[in-house]
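Participant: If you scroll down you'll find the structure; I have some questions about it.
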Amino acid sequence: MRRLDGRAGQGGVAWVLVGGRLAASPLLDALPRPDVVVAADGGARHAALVNVRVDVWVGDFDSSAGVQVDAPREVHPAAKDETDAELAVRVARERGAAELVLLGAFGGRFDHTLALALLALRLTEREGLRVTLTSGDEWGWPLTPASPLSLGVPTGATLSVLAVSDLLGLSLGGVRWPLTDAAIPLGSGWTVSNEAPGGPVTASLRGGHALLTVLPVLPD
């Protein structure tokens with residue numbers, strides 16, 4: 001699945017391997033290849049699935065028992081103020097990444113999943129980074145007024161816009177139920193479970209913060 005938002009691709013692409021679920025999917029093959037790969041603790045187990053070499057392995061290493069990765073380690077105490085995923089993102093940014101792909105972003109602990117999604121929103125809104133969240137069979141992108149989206153979404157995919165705040169001026173095109181300049185309250189189910197007939201999907205906001213998620217239909 002390709003992101004086509006038209007913004008300049010300055011800076012490198014970092015893959016950050018985090019501790020949630022990662023399923024094999026042909027959609028992973030369409031991702032931009034990484035300039036740097038950073039693993040967050042147990043997320044290092046995903047390296048074999050996506051056939052990448054880990055450049056830095058970061059964390060307190062409390063969830064990586066049995067994981068074998070030949071990479072330099074940056075070890076942190078368990079009692080710390082950042083999650084392992086945050087630490088890995090910081091390392092990726094220090095290495096010049098302007099685009100982050102967070103692999104293993106869904107399907108783990110709910111608190112970590114939600115924290116990661118909110119971190120992605122903050123990085124997009126405040127620092128202008130391009131961020132993709134994926135578990136291979138589930139995808140997400142931050143949507144803010146300064147970061148409209150245009151996505152090539154597979155036919156039959158389920159698409160949702162999750163209102164993390166009240167939304168102003170939401171416009172959504174290329175879907176079964178389009179919207180134009182809609183006001184969506186925080187947490188509304190109105191924009192959950194839309195359908196993509198195939199082709200480009202566009203989304204933009206005038207105010208607020210959202211996460212656009214896609215559940216593609218994958219081959220058996």
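Participant: Which of these, T83, T124, T180, has the largest mean-square fluctuation under a Gaussian network model of the chain (Cα springs below 10 Å)?
Facilitator: Maximum among the listed residues: T180.
Participant: Hey, another quick one. Rounded, prolate or oblate: which one fits region 8-137, using the alpha carbon gyration tensor with axes a ≥ b ≥ c (rounded when a/c is under 1.5, else prolate when a/b beats b/c, else oblate)?
Facilitator: Working: a/c = 1.28, a/b = 1.13, b/c = 1.13.
Rounded, because the longest to shortest axis ratio a/c is under 1.5.
Participant: Where Lys and Arg each count +1 and Asp and Glu each count -1, what net charge lies around L172 among other residues with Cβ under 14 Å from its Cβ? Numbers along the way, then the final one.
Facilitator: Working: positive: R176, R206; negative: D181, E195.
Charge balance near L172 sits at 0.
Participant: Here is a follow-up. State, as an integer percentage, the relative contact order of the chain based on alpha-carbon contacts under 8 Å between residues 6 or more apart.
Facilitator: Numbers: 553 pairs, mean separation 45.1, N = 220.
It comes to 21 percent, rounded to a whole number.
Participant: Springs between alpha-carbon pairs under 10 angstrom, Gaussian network model over the chain: which of A120, A47, A30 fluctuates most?
Facilitator: Sorting by GNM fluctuation, first place goes to A30.
Participant: With springs only between Cα atoms under 10 Å apart, run a GNM on the chain and tell me which of L129, L159, L31 wobbles the most.
Facilitator: Highest fluctuation among the options: L31.
Participant: Also, I was wondering about something else. How far is helix 84-94 tilted off the main Cα axis of the chain, in degrees rounded to 10, range 0 to 90?
Facilitator: For 84-94 against the chain, the angle is about 90 degrees.
Participant: Can you sort F110, F61 so the residue with the fewest Cβ neighbours within 10 Å comes first? Numbers along the way, then the final one.
Facilitator: On the way: F110 8, F61 17.
With the fewest neighbours first, F110, F61 line up as F110, F61.
Participant: List the residues whose amide H sits under 5 Å from the amide H of L167, counting only those 5 or more places along or on another chain, with H placed 1.01 Å from N in the peptide plane.
Facilitator: Amide H neighbours of L167: I184, L186.
Participant: Which value in deg cm²/dmol, rounded to the nearest 500, describes the helix-derived mean residue ellipticity at 222 nm for the chain, given -39,500 (n - 2.57) per DSSP H run of n ≥ 4 and division by the residue count?
Facilitator: -4500 deg cm²/dmol
Participant: By the gyration tensor of its Cα atoms, with a ≥ b ≥ c the square roots of the eigenvalues, what is the shape of region 84-149: rounded for a/c under 1.5, prolate for a/b over b/c, or oblate? Write out the running numbers ahead of the final one.
Facilitator: Details: a/c = 1.62, a/b = 1.17, b/c = 1.39.
Oblate is the answer for region 84-149, as a/c is 1.5 or above yet b/c matches or exceeds a/b.
Participant: Still on this structure: So what does log10 I(q)/I(0) come out to for region 105-216 at q = 0.20, 0.24 Å⁻¹, using the Debye formula with one equal point on every Cα and no solvent?
Facilitator: Here log10 of I(q) over I(0) equals -1.07, -1.51.
Participant: Quick one: Debye curve from the C-alpha atoms of the chain, no solvent, what's log10 I(q)/I(0) at q = 0.14, 0.16 Å⁻¹?
Facilitator: -0.83, -1.06
Participant: Please give the helix 110-127 orientation as an angle from the longest Cα principal axis of the chain, in degrees from 0 to 90, rounded to the nearest 10.
Facilitator: Helix 110-127 sits at roughly 70 degrees to that axis.
Participant: I've got another one for you. How many nm is it between the label spots at S188 and R90, if each spot is 7 Å from the Cα in line with the beta carbon?
Facilitator: 3.8 nm
Values in this text are rule-based calculations from the coordinates and carry no lab data. If you're wondering where the values come from, they're calculated on a predicted model, not measured in any experiment. No Cβ is skipped: glycine too gets one built from the backbone with ideal geometry, and neighbour counts run over all protein chains shown.
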